[in-house]
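Okay, so here's the structure we're looking at.
Read the figures in this text as sums done on the coordinates, not as results from a lab. As the structure is a prediction and not an experimental result, all values here were calculated from the model. Cβ sites come from the backbone with ideal geometry, for glycine too, and all protein chains shown count toward neighbours.
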Amino acid sequence: MKIVTRRLFLLITYLSVVLVLQGCNSANDPSAKTVGISMPTKTIERWNRDGNYLKTLLEKQGYNVELRFADNNILHQINDIQVLIADDVDILFVVPIDGSTLSRTLEDAKIKNIPVISYDTLVMNSDAVDCYVSFDNYRVGALQGQYIVDSLHPDETDGTYNIELVTGDPADNNAKFFFRGAIDVLQPYIDSGKFIVPSGKTSFDQVSTPLWSMDLAFRNMQNTLASYYSDKKRLDAVMCSNDLLGLGVLNAIQSDYMGKNIPVVTGQDGDIAALRSIIDGKLSMTVYKNVGNEAKVAVSVATAILEGKAIDESLLKDLPAECVFDTESYDNGIKKVPSFLLVPEAINAENIDTLTKDGAYVWDKNGKYLISAP
Ligand code: BGC
């Protein structure tokens, strides 16, 4: 009897261990998990790329993925997120169109214990956000400002230079970081009178462009040229916070600027049209953000969260790209969101070939322009 009891005890212990191990496995088994992704729009090149990178990477790791694009429409995005929450996704990636419109919707994610990763752009006014994966957005702007300083050499020349500023969507928290990074580099020259802003538009609100619209950037620049440069005043540089704005501004310069020089114009994202323009000698630079790496980092962080790991500096060592862990800079109005920030790079005609190194771009068959890698 004693032996039977002992055997029974051993069997029960063995079965319990097997069950617990199986439980752990399925808790960490990607094929049992669904990741929900809410993207702003397909019409902006980079969100298309991000959406596809994230989906492909997550599926490669075995996760199920529900990817939704919101047509740049806030109500559409709210609906997308509601559907993902109703579908009981295990984790949510959100790139907000307007950072401050999702608080109510994300409360439901919190109630259901669905972790939320704010991807690239910060979700504001919500304590449902667990962490933020992005680039060092302040540095993006600083690279743009520094490029203008390095191109005009205000410290080594006697002249003064006319510059203008064009930044992004006021509803996008990143735009404020880009602008601040750039203005912190340019302001000392504006203060000393080396850089003059003929339009007088130097505050974020005066130079922001809703929805990062290329068309609006074009029309605003046409107005600026008509109002402040019609007397053949020379325009030396336009600090533009991304490629769309830079290309819009260049179109206006091409059609309405009377000077002979091509002003220094900055960009960001490494969009194909922008790289073409750099090669054609029009856009001066872009700030390249390797969104493939951003997606890889976000997927690693998501996996860590799903495995129950804490979101802290210890995750850095296992991340697939260089990042800074920042717990101070990104305050969304309710909390300081722990952030993993990747490193952006300045690209111009001289170093554009470096873009082929990470596999995202290749030269076209004539070796003239860069195109997305197949
Ligand atoms: C992104 C930029 C992008 C812009 C417009 C920002 O939030 O960080 O890379 O150019 O949105 O889509």
Residue order, fewest to most surrounding Cβ atoms within 10 angstrom, among 324, 301
324, 301
Pull up the cross-link candidates among the aspartates and glutamates for residue 194, meaning alpha carbon to alpha carbon under 16 Å and not fewer than 8 places away within one chain.
150, 155, 156, 158, 164, 184, 236
Return a whole-number percent for the relative contact order of the stretch 251-354, with Cα pairs under 8 Å and 6 or more residues apart as the contact set.
24 percent
Given 181-189, 262-270, the highest-first ranking by average Cβ count within 10 Å works out to 262-270, 181-189
Which one of 241, 38, 199 has its Cα pushed farthest toward the positive end of the charge dipole of the chain, where Lys and Arg give +1 and Asp and Glu give -1 at the Cβ?
38
Relative contact order (%) - criterion: Cα under 8 Å, at least six apart; region: the chain:
15 percent
Sorting 278, 64, 159 by the position of each Cα along the dipole of the chain (Lys, Arg +1; Asp, Glu -1; all at Cβ), the one nearest the positive end of that ordering is 64
Would you look at the GNM of the chain, springs on alpha carbons closer than 10 Å, and say which of 152, 143, 275 moves the most?
152
Given the options 190, 117, 163, state which has the largest fluctuation in a GNM of the chain using a 10 Å cut-off (strictly under) for Cα springs.
190
Selection from 259, 363, 319, by position along the positive dipole direction of the stretch 234-374 (Cβ):
259
The stretch 222-281: relative contact order in percent, alpha carbon pairs under 8 Å with at least 6 residues between
42 percent
So for the stretch 66-175, what are the equivalent ellipsoid semi-axes in whole Å, largest first, each being the square root of 5 times an eigenvalue of the Cα gyration tensor?
39, 13, 10
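If you place +1 on the Cβ of every Lys and Arg and -1 on the Cβ of every Asp and Glu, how big does the dipole about the Cα centre of the stretch 105-225 come out, in debye to the nearest 20?
Numbers: 8 positive and 17 negative charges, 40 e Å.
Dipole magnitude for the stretch 105-225 comes out near 200 debye.
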Long-range alpha-carbon pairs in the stretch 117-255, meaning those over 23 Å apart, account in percent for 35 percent
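Let me spell out the model: positive unit charges on the Cβ of Lys and Arg, negative unit charges on the Cβ of Asp and Glu, origin at the Cα centre of the stretch 171-323. What dipole size does that give, in debye rounded to 20?
Once rounded to the nearest 20, the dipole reads 600 debye.
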Cα pair distances in the chain, grouped into 10 Å bins until the bin that holds the longest one, percent each
5, 22, 29, 21, 12, 5, 2, 2, 1, 0, 0
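Which value, in nm² and rounded to one decimal, describes the direction-averaged projected area of the C-alpha convex hull of the stretch 253-353?
Over all viewing directions, the stretch 253-353 projects a mean Cα-hull area of 9.5 nm².
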Total charge dipole magnitude, the chain, about the Cα centre, Cβ charges on Lys, Arg, Asp, Glu only, Debye to nearest 20:
880 debye
Using Cα springs under 10 Å in a Gaussian network model of the chain, which residue among 218, 178, 340 shows the largest mean-square fluctuation?
218
